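Reading through the structure tokens given below for one structure.
The values are calculated or read from the model by the stated rules, or taken from the named source; none is laboratory data. Note that this is a predicted model, so its numbers are computed, not measured. Reconstructed Cβ throughout: ideal geometry from the backbone, glycine too, with neighbour counts over all protein chains shown.
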Amino acid sequence: MKQYPTQVFLLFLFSCLFQFSFGQQQGVADFSWSPDPVCEGTPVTFQDQSTGFIAPQYYWDFGDGTFFQDFTNGSPTHVYAAAGTYIVYLCIWDSVTFDSACVSYQVTVISGCDVDTLRGKVFADANGNGSFDAGDYALPGQLIEINPGPIYWSADNNGDYELLLSAGTYTVSLAGTPTHYSVQSPSSGMHTFIMPASQQLFTGDFALAPDDSIQDLCVSVLSTPVRPGFDANYWVNYTNVGTLPMSGTVRLVYDNNFSYVGSNPVAISNPAASTVELPFTNLLPTETRTLNVVLNLPASVALGTVVTAIVSVDPTIGDENEANNIATYDRTVIGSYDPNDKQVHPEGDINPNQNLLYTIRFQNTGTASAINVEIKDQLSPNVSIETFQMTGASHSYTFDIDEDRWGTWRFENIHLPDSNTNEPESHGFVQYRIDPVLGLSDGQTISNTAEIYFDFNAPIITNTVTSTIDSKVTGLEESLELTAVSVFPNPATDVVRIQWDNPNAAEFTLNLMNMSGQTVKVGQTYGNAFNVSVNSLSAGTYFYTIQGSDGHWASGKIMVQ
């Protein structure tokens, strides 16, 4: 256990006693440091960035066994003798309000400084001038590819990226271009830098031109394990992947085995229909929001029961690609479980054209909060890194993929509570989508296992998930989406016709569902159209899917008046 000077314990004991008497804490502790990264043997200056204190007094712990006890100094300088990773603490006490607060960060000290810094921003350049200015917006989560290597670095939530490189000549480009955008600057799509490794700064921005007036929403969902007698958290993530701000409604239709407990933000619940709805406005391009729904599963539900959730997002006006506006999520009811696991959807055999949705879940089951959490995941050589796309995460993170295909998510200063102190907040997750590489043969497998690190503890190794290529498998996740589908009239009052091209004379099945996920119409044909009678249906929104025996498919919405 770390030993602190006696006066520090007395100082904070004194402050806690007075907080108990006078009220809640008001101040927020925070700090920064420069330079970053820190070089061994070179001074680093820490700077207090705290707010809400009137007469702060400081206590610094630099993580290498050195304490700084000049209580008046909010910007101390320190020298680390050796490279490594150090947890630096700042604790503040206000001598007027008797308020106190602490914060910690992980500081990396490198050996030597024979490196240069590559820094840049990925953004939508609305006015086409190549600079990030008014009217432009960041494109977060884009993968930057650096060669030789290659290594991959992810832009953060502000579209920024920064990494250190040794001496050499490097090409820097985007690993993939997001849908509805094209690279405008640099015109070649690539930067080339000759780095002397002398602590210089190189800037490699990527300005992307957005397509005109694209409205496109998408939705995804994941949950904690589903156990009889316990609550389950469902996270519904909805994202604007278009180029215009959008408004609409996100919806969860949950299995009728569940009972509704609550949601964050507060949503509209209809227990009779097993639905939760949340209207939203002004969802900006690239922005993701999350609806967290808590459901309770009765203890009487049998193990092995499959519970199904359907999520959808319904824009107020139009959508470029309705296929990604709805998703189905099946979970199997289980008993005891390991809360740190890996999942893949779809499971088992997959068509070589299907993409894979991976979820890594973690929970702090220790006896104290985890200051930092790190997830490592070595991507299979049978998946294409260029198609990697983050679809959700529980907390803010940084991410990169090294030349050995190890993806690393870092949740620094997450302070994840332990499950004994705060079970609902002790969970976290990351979720991403990726495609198999082209040309895989039947029988080839894609296996994946993750490693989860809580602070400096030994890693927790998750289960291994395996997908096997089988070209005979068909499914809605395939890239065989029908592109020329017409639905008319829509809205409809009597009969609606769904028509498509069917050059292979494949057998197609129709499934029409209401907002509660119940099938209300089915059909089969070897032709190229369904004439669906809707005059007996209640007014409202319905979802259709058509699935062909040759793997082609389509989905969308029908409005009944």
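Quick notes
- If the condition is being in a loop (DSSP other than H, G, I, E, B) and at pLDDT 90 or above, then the stretch 197-210 contributes Gly204, Asp205.
Quick grid of which residues meet (1) more than 24 Å from Leu163 (Cα to Cα); (2) of a type in the set (A, V, I, L, M, F, W, C); (3) in the same structural domain as Ile414 (by TED's automatic domain parsing):
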| position | (1), (2), (3) |
| --- | --- |
| Trp60 | yes, yes, no |
| Gly65 | yes, no, no |
| Phe68 | yes, yes, no |
| Thr72 | yes, no, no |
| Tyr86 | no, no, no |
| Leu90 | yes, yes, no |
| Trp93 | yes, yes, no |
| Thr97 | yes, no, no |
| Ser104 | no, no, no |
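- Within the stretch 93-108, residues that are at positive phi sit with their Cβ atoms under 7 Å from residues that are surrounded by 20 or more Cβ atoms within 10 Å (Cβ to Cβ) and not in a strand (DSSP E or B), at 6+ positions apart or across chains, in these pairs: Phe98/Ser15.
- Answer residue from the stretch 235-285, given it is closer than 16 Å to Thr224 by Cβ and not in a strand (DSSP E or B) and is nearest to the chain's Cα centre (by Cα) among those: Tyr254
- Looking only at the stretch 391-404, and only at residues there that are surrounded by 16 or more Cβ atoms within 10 Å (Cβ to Cβ) and of a type outside the set (A, V, I, L, M, F, W, C), the one that is nearest to Gly149 (Cα to Cα): Asp400
- Residue list for the stretch 56-114, filter: surrounded by 19 or more Cβ atoms within 10 Å (Cβ to Cβ) and acidic (Asp, Glu): Asp61, Asp94, Asp99
- Residue match in the stretch 217-224 (condition: surrounded by fewer than 20 Cβ atoms within 10 Å (Cβ to Cβ) and modelled with pLDDT of 90 or more): no
- Per the listing Ser479, Ser486, Ser471, the residue uniquely at pLDDT below 75, surrounded by fewer than 18 Cβ atoms within 10 Å (Cβ to Cβ) and among the small types (Gly, Ala, Ser) is Ser479.
- Residue match in the stretch 285-302 (condition: buried (at least 19 other Cβ atoms within 10 Å of the Cβ), of a type in the set (Asp, Glu) and touching a residue at least 24 places away in the same chain (Cβ under 8 Å)): no
- When the stretch 184-229 is filtered for residues that are over 30 Å from Asn324 (Cα atoms), small (Gly, Ala, Ser) and in contact with a Gly (Cβ under 7 Å, 6 or more places away or on another chain), only Gly204 remains.
- Among the strands (runs of 3 or more DSSP E) confined to the stretch 66-160, the ones with at least 2 residues that are among the aliphatic types (A, V, I, L, M) are located at 84-94, 100-110, 116-124, 143-147.
- Residue check, Leu118 crowded, with 18+ Cβ neighbours inside 10 Å, touching a Leu at 6+ places or on another chain (Cβ under 9 Å) and modelled with pLDDT of 90 or more: yes
- Of the residues making up the stretch 169-185, none is surrounded by fewer than 18 Cβ atoms within 10 Å (Cβ to Cβ), hydroxyl-bearing (Ser, Thr, Tyr), in a loop (DSSP other than H, G, I, E, B) and over 27 Å from the mean Cα position of the chain (by Cα).
- In the stretch 316-360, the qualifying residues are those that are β-branched (Val, Ile, Thr) and within 21 Å of Ile452 (Cβ to Cβ), and the one that is surrounded by the most Cβ atoms within 10 Å (Cβ to Cβ) is Ile360.
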